[in-house]
1. Quick one: Asp5 ticks every box in (1) among the acidic types (Asp, Glu); (2) surrounded by 10 or more Cβ atoms within 10 Å (Cβ to Cβ); (3) modelled with pLDDT of 70 or more except a single one, so which number is it?
2. Please go through the stretch 30-82 and give me each residue that is at pLDDT 90 or above and not in a helix (DSSP H, G or I), ordered by number.
Amino acid sequence: MHFIDAKAVESVSMLPVPCNPHKDISQHAPYFVELVRQYAEQKYGDDALYNGGLTIYTTLDPKRRTPRKKRSRAIFMSSRKR
């Protein structure tokens, strides 16, 4: 096995952790995300959910949801004008 030395650990620990904040879909569908979170927590447990590095795939597609949401809002607003 190969290990890194303390100097390498120190230099790497100063680097930013890469992340993609644009993949946070909880703002688009908070009730759906909470339902998935509860299911995963019940099935896998707290530790696996929050510390296990799970990747969870769902049927939610925010790109397809946005036009539908706009269309629904337009229909709702037009029905209010009647």
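The values are calculated or read from the model by the stated rules, or taken from the named source; none is laboratory data. Source: prediction; values computed, not measured. Cβ atoms come from the backbone with ideal geometry, glycine included; neighbour counts cover every protein chain shown.
1. (2)
2. Gly45
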